[in-house]
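A short write-up of the structure that comes next.
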Amino acid sequence: MWYVIQVATGKEEQILAMIKKYGVQKYLKECFSPRYEHRRKYLGQWRQEQAILFPGYIFVISDQVEELYQSLKHIPELTKILGVGEKWTPMTKEDIEIVELLSGKERVVRFSEGYIVGSKVVVKKGPLQGLEGTIRKIDRHKRKAYLEIPMFGRVLNAQVGLEIVGKM
């Protein structure tokens, strides 16, 4: 089952390291914070970088939920585990599909390419293909798409790399 841990934004990597340090991994199949590729311009050159896709969230996959929960209590920086009361609520099938569709097995959202037709964005290559409806805004200068993704019973904002190669 997939679960979500909410942490302080910007502390995702630190919490992942603490999970390894405190030996919590024996209860996990996987623990990750999905990333996305984007491009930034430094000294006139475009460079590819990675950033956290959902700031403030860590995803865990485990079949030993109770043991995992007890182990995670020892990590001081943890904010909360998404759920109802003391009980974790697993992610829905739809939420899992969106994360897997976007980030794949590597847990990294690769750069997408598309073009503009009238007032709509059409993605011809990359993980955003078929998810054009989640795009709320694009920034052609920064080569980013700003998404609104329904997850965890709320709407999350995320940004991903998107190159607009032309207009039609």
(request) With a bin width of 5 angstrom, please list the P(r) values of region 2-167 as percents of all Cα-Cα pairs, from the 0 bin to the one holding the largest distance. (result) 2, 8, 17, 20, 17, 14, 9, 7, 4, 2, 0
(request) Compute the distance in nm between two label points, each set 7 Å from the Cα along the Cα-to-Cβ direction, one at Glu67 and one at Lys142. (result) 4.3 nm
(request) With label points built 7 Å along Cα→Cβ from the Cα atoms of Glu94 and Glu132, find their separation and express it in nm. (result) 2.2 nm
(request) Choose one answer from Lys125, Lys73, Lys41: the residue with the largest mean-square fluctuation in a GNM of the chain with alpha-carbon springs under 10 Å. (result) Lys41
(request) Identify which of Pro76, Pro150, Pro127 has the largest mean-square fluctuation in a Gaussian network model of the chain, with springs joining Cα atoms closer than 10 Å. (result) Pro76
(message) Once R0 is set to 35 Å, what does the formula 1/(1 + (r/R0)^6) return for the Cβ-Cβ distance between Arg47 and Val155, expressed as a FRET efficiency to the nearest 0.05?
(response) 0.70
(message) Run the helix sum for the chain: -39,500 (n - 2.57) per DSSP H stretch of 4+ residues, divided by residue count, reported at 222 nm to the nearest 500 deg cm²/dmol.
(response) -5000 deg cm²/dmol
(request) Can you tell me the FRET efficiency between Gln25 and Ile116 if r is taken as the Cβ-Cβ distance and R0 is 45 Å, rounded to the nearest 0.05? (result) 0.50
(message) Just to be sure I understand: with springs between alpha-carbon atoms less than 10 Å apart, which residue in Gly83, Gly114, Gly23 has the highest mean-square fluctuation in the Gaussian network model of the chain?
(response) Gly23
(message) Compute, for the chain, the length of the dipole vector about the Cα centre, with Cβ point charges of +1 (Lys, Arg) and -1 (Asp, Glu) only. Units Debye, rounded to 20.
(response) 800 debye
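Rule-based calculations on the coordinates, nothing more; no lab input. Only a predicted model underlies this, so the values are computations on that prediction, with no experimental measurement involved. Ideal geometry is used to build each Cβ from the backbone, glycine not excepted, and the neighbour counts take in all protein chains shown.
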